[in-house]
1. Pairs needed: first member in the range 99-124, loosely packed, with under 14 Cβ neighbours inside 10 Å; second member anywhere, in a loop (DSSP other than H, G, I, E, B); C-beta distance under 6 Å; at least 6 residues apart or different chains.
2. Please state which of the following conditions THR73 fails to meet, knowing it meets all the rest: (1) at pLDDT 95 or above; (2) within 26 Å of LYS131 (Cα to Cα); (3) in contact with a Lys or Arg (Cβ under 7 Å, 6 or more places away or on another chain); (4) of a type in the set (Ser, Thr, Tyr).
3. Please indicate, with yes or no, whether at least one residue in the range 45-53 is surrounded by fewer than 18 Cβ atoms within 10 Å (Cβ to Cβ) and within 23 Å of ASP141 (Cβ to Cβ).
4. Can you confirm whether the range 129-146 contains a residue that is assigned to a loop (DSSP other than H, G, I, E, B), out of contact with any Ser or Thr (no Cβ under 7 Å at 6 or more places or on another chain), of a type in the set (Phe, Trp, Tyr) and free of Cβ contacts under 8 Å to residues at least 60 places away in the same chain?
5. May I ask you to list pairs of residues, at least six apart or on different chains, whose Cβ atoms are under 8 Å apart, with the first in the range 50-67 being aromatic (Phe, Trp, Tyr) and the second being assigned to a strand (DSSP E or B)?
Amino acid sequence: MNDLSLTILPETASDAQAIARLHERTFGPGRFVLSAYRIREHVDHLLDLSFTARIGTLLVGSVRQLPICVGDTKALLLGPLTVEPPFRGRGIGRALLERALKGANAQGHRLVLLVGDEAYYSCVGFKTVPKGRATMPGPVDYKRLLVAELVDGAFDGVSGAIRPDWSFAR
């Protein structure tokens with residue numbers, strides 16, 4: 001992390017506006033048409049499994065996780081993960097990913113899915129979901145639909161539509 005002092009903490013309700021501004025800067029308005037955002041419209045992310053990265057008091061990154069189901073199997077959807085552009089390439093994204101997966105595992109979650117680049121996310125155990133095993137609402141490039149098993153074999157036999165976990169619905 002070079003000479004910068006990075007702190008990763010669970011997200012709090014008071015972080016919401018700063019994170020919304022970060023998402024606007026890094027993803028722009030087009031983010032709302034993405035499949036993952038269609039799921040996020042119906043269920044809130046879990047604050048205790050969502051994290052912020054700060055250098056001093058400056059928020060420089062964020063990762064969120066929300067409850068979903070793949071068919072009848074409970075899982076988490078990770079994202080968005082973002083880091084302020086001037087701070088990219090310093091390991092902040094990976095530190096956020098590792099903390100998010102560690103937290104999910106500690107709470108007994110078995111699967112985490114996301115839409116992203118396998119080349120980036122494979123370093124923490126994500127791999128492409130086999131073709132036809134899971135579907136997202138709306139358009140998605142299925143080569144970018146990834147899964148991480150927090151327990152070996154947790155994705156065996158899992159298939160179906162990815163949807164919000166309605167027990168957490170707003």
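The values are calculated or read from the model by the stated rules, or taken from the named source; none is laboratory data. These figures come from a predicted structure and were not determined experimentally. No Cβ is skipped: glycine too gets one built from the backbone with ideal geometry, and neighbour counts run over all protein chains shown.
1. From the range 99-124, no pairs qualify.
2. Condition not satisfied by THR73: (3).
3. No, because not a single residue in the range 45-53 is surrounded by fewer than 18 Cβ atoms within 10 Å (Cβ to Cβ) and within 23 Å of ASP141 (Cβ to Cβ).
4. no
5. Going by the 8 Å Cβ cut-off, the qualifying pairs are PHE51/ILE8; PHE51/LEU9; PHE51/PRO10; PHE51/SER62; PHE51/VAL63.
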